[in-house]
1. Within the chain, how many Lys pairs sit with Cα atoms under 22 Å apart, leaving out pairs fewer than 8 places apart on the same chain?
2. For region 25-57, list residues with backbone N below 16 Å from a point placed 7 Å from the Cα of Glu221 toward its Cβ?
3. Using only the alpha carbons, work out the radius of gyration and Dmax of region 174-229 in angstrom.
4. Determine ³J(HN,Hα), in whole Hz, for all residues of region 90-95 in sequence, where each value follows from phi through the Karplus function 6.51 cos²θ - 1.76 cosθ + 1.60 and θ = phi - 60°; x replaces Gly and Pro.
5. Beyond 22 Å, how much of the Cα-Cα pair distribution for region 206-316 remains, as a whole percent?
6. What FRET efficiency, computed as 1/(1 + (r/R0)^6) with R0 = 25 Å and r the Cβ-Cβ distance, is obtained for Tyr124 and Tyr164, rounded to the nearest 0.05?
7. Go from 0 up to the bin containing the longest alpha carbon distance in the chain, width 10 Å each, and give me the % of pairs per bin.
8. Long-range amide H contacts for Leu117: which residues qualify at under 5 Å (H placed 1.01 Å from N, peptide plane, sequence gap of 5 or more or a different chain)?
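The values are calculated or read from the model by the stated rules, or taken from the named source; none is laboratory data. These figures come from a predicted structure and were not determined experimentally. Cβ: placed from backbone, ideal geometry, glycine included. Neighbour counts: every protein chain shown. Quick note on the areas: whole protein, heavy atoms, side chains included, nothing else; ligands and nucleic acids left out. Shrake-Rupley method; radii C 1.70, N 1.55, O 1.52, S 1.80 Å.
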Amino acid sequence: MTTDASSIKPRAASRGTNQIGVRLYNERLVLSLIRRHGELPKADIARMTGLSPQTISIIMNQLTVDGLLKRGTPVRGKVGQPLVPYSLDPEGALSFGLKIGRRSVDLYLINFTGKILKLLHKIYPYPTPDGVRAFAQEGIQTLLSEVPPHLVKRIAGLGIAAPYEMWTWHEEIGAPKDEIDAWRDVDMRSMIAEFCPWPVYFANDITAACAAELMFGTGSEHIDYLYVFIGSFIGGGLVLNGHLFPGRTQNAGALGSMPAPAFSHSGSSQGGAQMMNVASIYVLERKLIAAGRNADILWQSPDDWGDDLGPVLDEWIEEVAVSLAYAIVAAVAVIDLQSVLIDGAFPTSVRTRIIDRTREAVAKVNRQGLSSFRLLPGSIGNAARAMGGASLPLLANFTQDREVLFKDNA
């Protein structure tokens with residue numbers, strides 16, 4: 001059965017798939033705790049929240065009726081009644097994520113637990129509003145045609161993950177200034193909302209990726225951390241006390257704008273550059289082209305670059321690691337971070353090499369007076385930004401972080 005997005009009206013298919021049904025703080029608290037722990041019985045949730053067993057029972061029973069939670073198999077202890085664990089129902093809510101990048105665009109459809117149900121990927125030399133609009137409109141129709149009607153009713157919204165000020169740094173990506181300047185007059189949310197029948201949300205692409213790591217990855221295992229994502233341009237996100245901290249202008253963790261050493265071909269530091277000019281994939285692309293190599297694989301197959309990038313990749317990783325080391329130590333000095341998670345739009349083998357080399361570079365930086373911290377891999381990889389976009393409707397409707405991210409974006 002084919003579903004036409006234009007025929008779908010924004011409505012409450014059930015209490016669990018619209019903003020009204022889950023606005024109560026206690027419901028969001030319960031859902032957030034279960035998401036973090038995987039599954040929990042009512043007794044544990046009552047103890048964690050300080051709410052009465054009766055209140056928790058009412059909340060969880062209603063969330064189960066709403067289709068957001070499901071009962072597990074009772075676990076019998078040594079004494080008392082068996083404990084029934086509750087977990088998120090994967091079909092409780094679905095969400096679209098649209099990642100608009102400087103080299104590619106992705107459309108994901110995920111379920112309530114973050115499983116990718118469907119996805120589309122397209123590369124381009126540079127993004128244009130008309131091209132992105134056409135991709136998104138056609139892509140929604142394509143993905144919807146493969147979704148059962150009962151799940152279409154569970155779609156909570158579409159989240160856009162894109163860089164702020166898309167028109168900046170056009171020279172770095174080789175885009176004609178007049179064409180990339182078209183983004184100055186575009187409100188991305190309004191552009192997509194013209195044909196999208198669900199609520200549309202927007203966040204900076206790396207802030208969104210950080211949200212995905214927190215919701216669906218290993219981020220929930222850490223209280224405070226800096227999130228580093230290396231894509232076309234490097235960026236970052238910040239989690240404090242277990243919650244996203246987007247900052248005053250939603251731009252906390254803007255690693256791309258941090259000062260960094262600039263490297264000549266011999267690797268000597270010349271100074272004056274920003275992190276984005278050193279530790280971004282577009283820099284690797286330029287190095288490959290200068291070496292007479294085809295760099296398309298960087299964007300066509302982010303999860304598999306092959307085994308023949310050789311010395312060019314080695315040189316880039318070295319420069320990334322040295323610049324990251326100084327940025328990370330500076331961030332730890334300011335915020336006293338417990339952990340730093342590093343991820344990117346590259347194969348896991350490249351991520352491992354970057355982290356290992358960054359650890360070595362950090363060891364050479366004077367850290368006197370600073371507490372120890374850990375450098376760890378992110379767990380989502382290239383999908384983090386599109387997953388982050390898809391997480392936005394779920395954050396807006398079902399978690400405690402709604403007021404953090406969407407004060408002026410609802």
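1. Final tally of qualifying lysine pairs is 14.
2. 36-39
3. Using the Cα atoms of region 174-229, the pair Rg, Dmax is 16.1, 45 Å.
4. x, 8, x, 7, 10, 8
5. In whole percent, the long-distance tail amounts to 44.
6. Working: r = 19 Å, r/R0 = 0.78.
Working from the Cβ atoms, E equals 0.80.
7. 5, 22, 30, 24, 14, 5, 1, 0
8. Amide H neighbours of Leu117: Leu109, Ile110, Asn111.
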